[in-house]
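Asker: Dropping the structure in here first, questions after.
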Amino acid sequence: ILDLFKRYDAKATFFITGNNIAKGQIDKTQEFIDVIKRMDAEGHQIASHTWTHLDLSKIDADTRKHQILNVEGALNNIIGKIPSYVRPPYSSCTADSGCEQFMQDMGYHIIYFKLDTDDYQQKPQGTFQNSLDWFKGNMTAPGMSPEKNSTISISHDIINETANELTELMLKTITELGYKGVTVGECLGDPKDNWYRQFGDSADRVGANHSSTSVSSNFTFIPSQAPLSTPYTLH
């Protein structure tokens, strides 16, 4: 995936779990240390997808805090900074559960997506062609143009077909259509300095110049350059 993004001169946001599906803790497994350092060095945005992929709306406050702080510590060990963007597992971070306020207090932008390739659901069904078709169909739908529109698309790097088929199809499609692949932060017009914080910041992590941004799944960005942001969830 990183090789493809380099070839197409495009960027992505990688939402990273800390120790999910028995893969090993990211800051204690050399394979993950190396790939996360490469993501950062090549200009991709690194963000949080929690420690073990629990539903943040269904767990208690202490567990929720551990799900976020553990990832922060691990990423700080790898790249020397912590993210200010998070994608909640299962797209679940409700106000009623206290999750939205918690994330705001922690200084996080809560990120969802608009264009769902649904690659994670297609693999076990043997219907991966659906993901290929849905992406291209959405990007070429009536009214879509790089002059007026942009979107946030979601894919999962753990899936072989996504790494070896879907990623290149997405990059090829947006390039041919005149879009540019960028990070979520750039798509939102958020300066790069706001994408991360230093580990050990004060408890008041929002601060006067940092706000938490929640992007609804039906929100269409209309910047001057119509970028396509592709978050990858690193499981």
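Asker: Amide H neighbours of residue 182 under 5 Å, at least 5 residues apart or on other chains, H built in the peptide plane: list them.
Answerer: 11, 228, 229, 230
Asker: Per residue, what accessible area does the range 120-165 have, given a 1.4 Å probe and all protein chains present, in Å²?
Answerer: On a per-residue basis, 54 Å².
Asker: Would you calculate the convex hull of the Cα atoms in the range 25-114 and tell me its volume per residue in Å³?
Answerer: 99
Asker: On average, how much accessible surface per residue is there in the range 1-62, in Å², for a 1.4 Å probe, leaving out ligands, DNA and RNA?
Answerer: That works out to 45 Å² for each residue.
Asker: I'd like to know how the range 30-175 sits against the 2.2 N^0.38 Å rule of thumb: what's its Cα Rg over that expected value?
Answerer: Against the empirical 2.2 N^0.38 Å value, I get 1.16 for the range 30-175.
Asker: What's the local net charge at residue 8, with K and R +1, D and E -1, over the other residues with C-beta under 13 Å away?
Answerer: Summing Lys and Arg as +1 and Asp and Glu as -1 gives 0.
Asker: With Cβ to Cβ distances under 13 Å as the rule, what net charge do the other residues near residue 173 carry (K, R +1; D, E -1)?
Answerer: Once positives and negatives cancel, what remains is -1.
Asker: Continuing with this model, one more query. Mind giving me the nanometre distance, one decimal, between the label points for residue 23 and residue 92, set 7 Å out from Cα along Cα→Cβ?
Answerer: For residue 23 paired with residue 92, the spin-label model returns 2.0 nm.
Asker: Also, quick follow-up: What spacing in nm lies between the two simple spin-label points modelled at residue 192 and residue 168, each 7 Å away from Cα in the Cβ direction?
Answerer: With each label point 7 Å from Cα toward Cβ, the separation is 2.8 nm.
The values are calculated or read from the model by the stated rules, or taken from the named source; none is laboratory data. What you are looking at is a predicted structure, and each value in this text was computed from that prediction instead of being measured. Because the Cβ atoms are built from the backbone with ideal geometry, glycine has one as well, and the counts that use them run over all protein chains shown. Note: areas computed on protein heavy atoms with side chains; ligands, DNA, RNA excluded. Shrake-Rupley method; radii C 1.70, N 1.55, O 1.52, S 1.80 Å.
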